[in-house]
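Notes to accompany the following structure.
The values are calculated or read from the model by the stated rules, or taken from the named source; none is laboratory data. These numbers come from a predicted model, not from an experiment. Heads up, the Cβs are rebuilt from the backbone with ideal geometry, glycines too, and the neighbour counts pull from every protein chain shown. Calculation scope for accessible area: heavy atoms of the full protein, side chains included, ligands and nucleic acids excluded. Shrake-Rupley method; radii C 1.70, N 1.55, O 1.52, S 1.80 Å.
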Amino acid sequence: MALVGYARVSSAGQSLEVQEDLLRAAGCDKVFAEKRSGRTTDGRDALADALAWVRDGDVLIVTRLDRLARSITDLRQIVDGLAAKGVGFRALQQTGMDTTTSEGRLLLNILASFAEFEADIRKERQADGIAKAKAAGVYQGRPATIDAGEVAKLKAEGVGPAEIARRLGIGRASVYRVLKETGEATAA
């Protein structure tokens with residue numbers, strides 16, 4: 001069994017030293033470290049290397065959960081992937097967060113359940129707010145997809161950007177953006 005550490009900070013100006021010291025003090029012989037945002041797992045090469053490195057019976061250790069993942073979806077995918085390989089997971093500064101124990105798995109699932117519950121509540125509140133705005137006649141929804149061909153056609157007919165926006169039910173800035181993307185902005 002090997003204890004494998006993973007340390008992460010978000011920006012180049014931050015130091016990994018404190019995390020690396022804590023991981024080595026916890027018994028990690030191998031520590032993967034990187035300076036990358038934790039909002040997604042994309043582009044986190046040291047994390048990918050750590051996940052590829054660990055083997056059955058190993059334990060991946062981080063100092064805190066947010067060092068591994070900021071989204072519950074990413075956290076669950078990583079931890080589930082580790083479990084499928086027979087690898088445990090621990091977070092040093094979250095007492096009890098150790099998936100090598102029944103209590104640790106329970107704690108992880110409780111935290112994941114609360115996060116999902118909060119997301120559901122937010123979604124319900126948003127739906128309630130939209131329904132209320134629709135009832136009050138102030139909800140317009142997402143803007144329609146902009147038909148660049150229609151914008152170009154109206155422009156060719158000599159219609160100005162403000163009138164194009166009004167006719168198509170879009171903002172003037174959207175008209176200018178389409179004209180710029182199609183190379184017609186200079187004539188607007």
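Counting only residues that are open to solvent by 60 Å² or more (accessible area, probe 1.4 Å) and assigned to a loop (DSSP other than H, G, I, E, B), region 142-168 holds 7 of them.
Please indicate, with yes or no, whether at least one residue in region 119-141 is assigned to a loop (DSSP other than H, G, I, E, B), more than 30 Å from Val62 (Cα to Cα) and open to solvent by less than 50 Å² (accessible area, probe 1.4 Å). Step through it out loud before you land on a result.
Within region 119-141, the subset assigned to a loop (DSSP other than H, G, I, E, B) is 136-141.
From the residues that got through so far, the ones that are more than 30 Å from Val62 (Cα to Cα) too are 136-141.
Then keep just the ones that are open to solvent by less than 50 Å² (accessible area, probe 1.4 Å); that gives 141.
Yes, there is a match, as at least one residue in region 119-141 is assigned to a loop (DSSP other than H, G, I, E, B), more than 30 Å from Val62 (Cα to Cα) and open to solvent by less than 50 Å² (accessible area, probe 1.4 Å).
Beta carbons closer than 9 Å, at least 6 apart along the sequence or on distinct chains, pair a first residue in region 18-41 that is farther than 13 Å from Arg8 by Cα with a second that is in a helix (DSSP H, G or I) and of a type in the set (Gly, Ala, Ser) for Lys30/Ala50. The strands (runs of 3 or more DSSP E) found wholly in region 1-114 and carrying at least 1 residues that are of a type in the set (Asp, Glu) and touching a helix residue (DSSP H, G or I) at 6+ places or on another chain (Cβ under 6 Å) occupy 30-35.
If I filter region 85-96 for residues that are loosely packed, with under 11 Cβ neighbours inside 10 Å, at pLDDT below 85 and of a type in the set (Ser, Thr, Tyr), do I get at least one hit? The answer is yes, given that some residue of region 85-96 is loosely packed, with under 11 Cβ neighbours inside 10 Å, at pLDDT below 85 and of a type in the set (Ser, Thr, Tyr). When region 83-130 is filtered for residues that are farther than 20 Å from Asp66 by Cα and β-branched (Val, Ile, Thr), the ones remaining, listed by number, are Thr101, Ile121, Ile130.
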